[in-house]
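The block underneath contains the structure these notes are about, expressed in structure tokens.
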Amino acid sequence: MNLFTETDLSPEILKAIGEIGYESPTEIQKQTIPFISTDIRDLIALAQTGTGKTAAFSLPILGMIDDSSRKIQLLVLCPTRELCLQIAKDIKIYSKYLPNIKSVAVYGGSSINDQIKQLREKPQIIVGTPGRVIDLINRKALDFSNIHWLVLDEADEMLSMGFKDDLETIISETPETKQTLLFSATMSKEVERISKNYLTKPHRISVGSINEVKKNIKHEYYVVSYRQKKEALKRLIDSNPNHYTIIFCRTRMETQEVADFLMQNGYAADALHGDLSQAQRDTVMKKFRLKNINILVATDVAARGLDVDSLTHVIHFSLPDDPEVFVHRSGRTGRAGRDGVSIALIKPEEGRKLKMIKSQSKIEIVEKFIPKGEDIIKAQVAGVFEQLLSQHEDVFEFDNALIPDLSAFTKEELVKQLLQFQLKDMALYYKDRNDLAEVKFSKEDRDRDRGGRRDRDRGRDRDRGRDRKPRRKNENMVRFFFNLGKRDQLKKVDVLDIINQSTKKSGKKADIGDIEILEKFSFFEIEKNFKDELMRNISNKKFKGREMRIEVAN
Ligand code: AMP
């Protein structure tokens, strides 16, 4: 099946998708369209965002919905508001010529009363996020007792975002007879568990898995010290003119820091992370989609709902722990037949991590060196010509009388002058700066070949602490390991404050002993009597956006 016209999709659907330029089904659509149209078994489809998942389930189902009935027949559950809106929008486009089919999107962060009003129109399709769907079930505004299809989209994300109980509650509201279609980018343990409990002998489909990495993405890595990361990032951006880029960071704080750095340096950039309100996130995504900004700095979770096809670059400012996340991030470029570049900034001590990503993903990632100032200027000049020569239309009426007498100059001299003028600031910046020195992977990292790194780091830092100050054991005190350290901007006063806040219920003040803040984690001592209260109160709390975890130190 190479063309949609060879499928059993109805003429109304073919007309709608023809209008938006879909000709051939994507890999997943080739497999799901005939399956869903003819089989009643449950389905597990392993597919990532960007593979055409939404059309893969909605096109065959749209053709089977009974539009004379006003009961809900299809429920699609997905993890985020953005994805929910995207799916609902796509379904509306695909059902353009099926006027009696109605769909409604229900999601948090928006008026529930407005959504209840829309539900009074009796849609056959609901697309929703789990939390809001439960609220609406509780208000008796939703009834799923007659659905034929339940789609769990990005099931791995929903589970990792803590929606397990909500999903189970919603599933218990649906009939046994429905067909469940589960879409997930990864087959995590939680996905496996939920499939076992709620799907019956599912048929399995897998596309775009980790071993089928896109061929049109070039992967590069640059070894840079932590101190020079932002300067390296600036140089990489400057050496790629006319780019449209997402930069991935690991934490909200890092995301904001990198975005602030870029904005302060005059780049059209902004941050997208979970500390922003929904309205702020919507504004940032809109600006990026409209290309009012061409750099988005984001966390993995926040970038999930963003669907942009024309990214030229993905930059991993920090490496993720999971190779699948690396592949997933990189796969955001190189879409819709375009080429893409994925760039990873690697710290000298991350050699092993890079090796693991390479071996598990089977991606060839080539080492490159941070461009020198003169190379950046050359790339900028090429970028100006590229833009100049691709612009064919006159954007404004040009009066030739405005051009003064230039006969004293040759064409080349004029072009040179214009470029000097255009690139002056950047050229001056790089003229006064030393190029970045080449950085190698640290020896320590190369030599390390056994055991868990974190444990050893912990041991090493701990030993260092011990060398500095021999400690006599105080029987009334208990010593804790705390997962945050200097790099999280943790200070002694913060530790004191955290301890006081977490032990204030009893009305007594805990004695606090030694506090030792190391690079990646810390140790502190408090009176034994407060041990349980502290442990109870500290979990699930955050410090500057990071989860706090403590355990009794050995
Ligand atoms: P999804 O994985 O559903 O987020 O889809 C990714 C992108 O591919 C969306 O922009 C869809 O509109 C587009 N798309 C889906 N199916 C096709 C197709 N068969 N031909 C062309 N574009 C498609």
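The values are calculated or read from the model by the stated rules, or taken from the named source; none is laboratory data. Remember, predicted model here, so these are calculated numbers, not experimental data. Here the Cβ is made from the backbone with ideal geometry for all residues, glycine too, and neighbour counts use every protein chain on show. What goes into the accessible areas is simple: the full protein's heavy atoms, side chains included, and nothing from ligands, DNA or RNA. Shrake-Rupley method; radii C 1.70, N 1.55, O 1.52, S 1.80 Å.
Taking a sphere under 13 Å around the Cβ of residue 292 and counting the other residues whose Cβ falls inside, with K and R at +1 and D and E at -1, yields a net charge of +3. Rounded if a/c is under 1.5, else prolate if a/b beats b/c, else oblate: with a ≥ b ≥ c from the C-alpha gyration tensor eigenvalues square-rooted, which is the stretch 1-109? Because its axes are fairly even, with a/c under 1.5, the stretch 1-109 counts as rounded. By a 1.4 Å probe calculation restricted to protein chains, residue 386 has an accessible surface near 120 Å², given to the nearest 10. Over the chain, Cα pairs under 8 Å with separation of 6+ residues give a relative contact order of 12 percent.
Largest to smallest in accessible area, the residues 394, 307 fall in the order 394, 307 (1.4 Å probe, all protein chains included). Counting protein heavy atoms only, the stretch 127-247 has 46 percent of its accessible area on carbon and sulfur, 1.4 angstrom probe.
Think of the chain as a dipole: +1 on every Lys or Arg Cβ, -1 on every Asp or Glu Cβ, centred on the Cα centre; then among 181, 484, 205, 484 lies furthest on the positive end. Rounded to whole numbers, the Karplus 3J(HN,Hα) couplings from phi for the stretch 498-514 are 4, 5, 4, 4, 7, 10, 7, 4, 5, x, 9, 9, 7, 6, 10, x, 5 Hz, using 6.51 cos²θ - 1.76 cosθ + 1.60 with θ = phi - 60°, and x at Gly and Pro.
Residue 283 sits among other residues whose Cβ lies under 12 Å from its own Cβ, and their net charge, with Lys and Arg +1 and Asp and Glu -1, is +2.
Secondary structure note: in the chain, about 25% of the DSSP beta bridges are antiparallel.
The residues of the stretch 327-443 have, on average, 71 Å² of accessible surface per residue, using a 1.4 Å probe with all protein chains present. In this structure, the residue pairs whose Cα-Cα separation is over 24 Å, taken from 230/353; 504/542; 353/541; 92/286; 189/531; 122/178, are 353/541; 189/531.
Ligands, DNA and RNA left out, the 1.4 Å accessible surface of the stretch 1-54 is 51% carbon and sulfur atoms.
Computed about its Cα centre, the charge dipole of the chain is approximately 2420 debye, with only Lys, Arg, Asp and Glu carrying charge at their Cβ.
Accessible surface for the stretch 28-131, divided over its residues, is 37 Å² per residue with a 1.4 Å probe. The stretch 367-430 and the stretch 134-184 have Cα centres lying 56 Å from one another. Under the rule a/c < 1.5 gives rounded, and otherwise a/b versus b/c splits prolate from oblate, where does the stretch 85-129 land using the Cα gyration tensor? It comes out oblate by the Cα gyration axes. In the assembled protein chains, residue 161 presents an accessible area of approximately 80 Å² (probe radius 1.4 Å).
Using the Cβ of residue 97 as centre and a radius below 10 Å, the other residues enclosed give a net charge of 0, where K and R count +1 and D and E count -1.
Exposure check, 1.4 Å probe, all protein chains in place: residue 46 carries approximately 40 Å² of accessible surface.
Tell me whether the chain comes out rounded, prolate or oblate; compute the Cα gyration tensor, take square roots of the eigenvalues as a ≥ b ≥ c, and use a/c under 1.5 as the rounded threshold.
Cα axes put the chain in the oblate bin.
Ordered from largest to smallest accessible area (heavy atoms of protein chains, 1.4 Å probe), the residues 398, 163 come out as 398, 163.
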